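The values are calculated or read from the model by the stated rules, or taken from the named source; none is laboratory data. Predicted model, so just to flag it, every value in this text is computed and none were measured. Reconstructed Cβ throughout: ideal geometry from the backbone, glycine too, with neighbour counts over all protein chains shown. Note: accessible area is taken over every heavy atom of the protein model, side chains too, but ligands, DNA and RNA are not part of it. Shrake-Rupley method; radii C 1.70, N 1.55, O 1.52, S 1.80 Å.
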Amino acid sequence: KVYADRNDVIWFGSVGGGLGRFDGGKFTHYTAADGLADNKVRTLLEDRDRNLWIGTWKGLSRLRDGKLPSYTSQDGLPNDFVEALFEDREGSLWIGTRGGGLARLRDGTFSVLTAKEGLPSDSPRCVLESSDGSLWIGTDGGGLTRSRGGKSTRFTTEHGLLSNSVLSLAEDQAGAIWAGTEHPPGLHKFDGGRFTPITESQGFYTETAIRVIFPDREGTLWIGTDGGGLRQLRNGAFHAFTTRDGLPSDLIRAISQDREGNLWIGTSEGLCRVRD
């Protein structure tokens, strides 16, 4: 995961190397020796109070003023493997876990939503609150669900998805919801109550999973694939970037943007900055 915070500090998580920080041209690192829950980092989020939340394979950590308290199943997390983090407009932190369902942290207390309460799967992979206040939850094998006004609606392959394994969600500047899947992979746009796959005839094709969908501030949509490189959707046209264009790897794990408009791309072979 890569994350540009409000101070334009670039944070990145690695599998085994802990949490990295890039600021002023210098790299620093935080590991389990500093209090991090685990050196395998899955996801990152800066909340409205400027806490940096770090989801790892063995719990959830919070970085503030150099301190790193952690939360695990002993503190109320339903599972220590944290897959996704999202903060809603009310300030609640939503935590997707692998096999334990979706946790909500509000005022220091965890509450848990699982398949027993209607979640499509106990492994949420991504969470998004759209501009209309809907909470979208993509899961591993159960499709996705939208909660709005106390009502939940489930979307699966019967509603246009190519797969029920939803890895990524995003809302673009026009308010359209996009979803990325694996097994089989596909990029989908929500329209008219259904998800419509983007086809090769529209300029998009991938044989690998859609790991991340990122709308930048200029209205361009960036799509990171699991081995097929990076895609750009701009003014209705797709363009592909791969290692031939300078990416260190075609396996894209994360995308973020700093205040200067630079894109930061996390790959399986290192961190990449796209400038101009």
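General observations
- Filtered residue count, the stretch 223-266, keeping only those that are over 15 Å from ASP276 (Cα atoms), hydrophobic (A, V, I, L, M, F, W, C) and open to solvent by 20 Å² or more (accessible area, probe 1.4 Å): 5
- Complete set of residues in the stretch 209-223 that are farther than 18 Å from ALA176 by Cα and of a type outside the set (A, V, I, L, M): ARG211
- The residue of the stretch 199-212 that is most open to solvent (accessible area, probe 1.4 Å), among those that are in contact with a Leu (Cβ under 7 Å, 6 or more places away or on another chain) and closer than 15 Å to SER168 by Cα, is ARG211.
- Residue satisfying all of: in the stretch 159-195; part of a strand (DSSP E or B) and open to solvent by 70 Å² or more (accessible area, probe 1.4 Å); modelled with the lowest pLDDT among these: ASP191
Per-residue answers, yes or no, for (1) more than 22 Å from ARG211 (Cα to Cα); (2) surrounded by fewer than 19 Cβ atoms within 10 Å (Cβ to Cβ); (3) touching a strand residue (DSSP E or B) at 6+ places or on another chain (Cβ under 8 Å):
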{"position": "SER14", "(1), (2), (3)": "no, yes, yes"}
{"position": "GLY17", "(1), (2), (3)": "no, yes, yes"}
{"position": "THR28", "(1), (2), (3)": "yes, yes, yes"}
{"position": "LEU36", "(1), (2), (3)": "yes, no, yes"}
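- Going through (1) in a strand (DSSP E or B); (2) touching a residue at least 40 places away in the same chain (Cβ under 8 Å); (3) farther than 18 Å from ARG125 by Cα one by one, ARG217 falls short only on (1).
- Here the stretch 28-49 is the region considered, the condition is being part of a loop (DSSP other than H, G, I, E, B) and acidic (Asp, Glu), and the residue that is nearest to SER256 (Cα to Cα) is ASP47.
- Summed over the stretch 50-94, the residues that are charged (D, E, K, R) and assigned to a strand (DSSP E or B) give a count of 5.
- Residues that are modelled with pLDDT of 95 or more and among the basic types (Lys, Arg) were ranked within the stretch 112-158; the one that is farthest from PRO215 (Cα to Cα) is ARG154.
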